[in-house]
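The values are calculated or read from the model by the stated rules, or taken from the named source; none is laboratory data. What you see is a predicted model, and the numbers here were worked out from it, not measured in a lab. Counting neighbours? That spans all protein chains shown, and the Cβs are built from the backbone with ideal geometry, glycine included. We work out accessible area using only protein heavy atoms, side chains counted, and drop any ligands, DNA or RNA first. Shrake-Rupley method; radii C 1.70, N 1.55, O 1.52, S 1.80 Å.
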Amino acid sequence: MTTTRTLADGREIPVLGLGVWQVRDGRECADSVRWALEAGYRHIDTAQAYGNEDSVGRALRDSGVPRDEVYITTKFNPGRKDPVAELDGSLERLGVEFVDLYLVHWPAGGPTRAWDGMQKAQRSGQARSIGVSNFGTGDIDAVLAVADIPPALNQIQFSPFEYRRDLREHCESRNIAVEAYSPLGTGRHLDDKEVAAIAERQGRTPAQILIRWSLQRGLIVLPKSTHQDRIAQNAEVFDFELTGDELAALDALDRTGGTGRALERTWW
Ligand code: A2P
């Protein structure tokens, strides 16, 4: 169903994945992942800090979908010391021998603090690709200045309303793919008039319009839902195209001024 993109390290990543931030561990998370796999998703994005890796792993095993067909991302909780030791815990909870992608969840203690450990995680084979999340332009350059293995990807909050154009261009020009979390504004952007008008014209839902915008702007996109019908709906975004005018109208919703920052307000 989904198409893939090749990262700078040569690995392929499906351009659409299910995000499970704020999805409760246990049945809610396991059901969401199961429904996503049934709907054809082959990419699940979790994190140590989400506390639901167990459920992701269980749903993956129960689905019967072979491990090597599913792209799994988790993120190092940078409140902890050692990315390698923490990855061991993730692998155990997920019930897998490696993750496809391991990200520094946010630049705690400075952008370079965890990078040596991340490189070790990749060299050990326990993380196929490594990258970062919530890193702004300055953070990216700081990592690149010390890296033997450059980050393959930066996962950031991104939508037409948070159109971080400078950050996206900064990353792409350095061969770092950009991945969108909260592409629906955690649901807040779904009621916007402009989005609704385009949805009506295209015969699509507002969620599909926002997801499609991220794809056409070159991002890998991670919508979250805990409802089976919405999970399926959010994946039906490969059979239509936004026009140039529609893309421009959505671009104009940006409230960040096209910033190079990863967030306006940080929690770290
Ligand atoms: P729910 O999980 O109850 O289905 P984001 O991906 O930006 O984090 O947004 C996730 C939010 O948007 C969740 O509250 C989710 O609700 C809601 N959502 C996800 N997909 C859809 C959809 N297709 N239609 C309506 N709401 C959706």
Quick calc, Arg255 & Thr226: beta-carbon distance into FRET formula, R0 30 Å, rounding 0.05, result 0.65
Contact order relative to length for the chain, counting C-alpha pairs under 8 Å separated by 6 or more residues, stands in percent at 20 percent
Expected sort for 125-137, 216-228 on mean C-beta neighbours within 10 Å, highest first, is 125-137, 216-228
The Cα extents of the chain along the principal axes, largest first and rounded to whole Å, are 50, 42, 32
In whole percent, the fraction of accessible protein surface over the chain that belongs to carbon or sulfur atoms, probe radius 1.4 Å, stands at 44 percent
With R₀ set to 41 angstrom, the calculated FRET efficiency between the beta-carbons of Trp21 and Asp245, to the nearest 0.05, is 0.80
The simple spin-label model distance between Asp116 and Ala197, using points 7 Å out along Cα→Cβ, in nm, is 5.5 nm
For the stretch 1-143, Rg(Cα) over 2.2 N^0.38 Å is 1.00
Residue-ordered couplings for the stretch 153-170, obtained by feeding phi - 60° into the Karplus form 6.51 cos²θ - 1.76 cosθ + 1.60 and rounding to whole Hz (Gly and Pro as x), are 7, 10, 9, 9, 5, 7, 6, x, 7, 10, 8, 7, 4, 4, 5, 4, 5, 4
The number of Lys pairs in the chain whose alpha carbons lie under 23 Å apart, excluding pairs fewer than 8 residues apart on one chain, is 4
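Given the stretch 31-105, report the % of alpha carbon pairs whose separation exceeds 21 Å.
The calculated P(r) of the stretch 31-105 puts 20 percent of pairs beyond 21 Å.
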Expressed per residue, the solvent accessible area of the chain in Å² (1.4 Å probe) is about 42 Å²
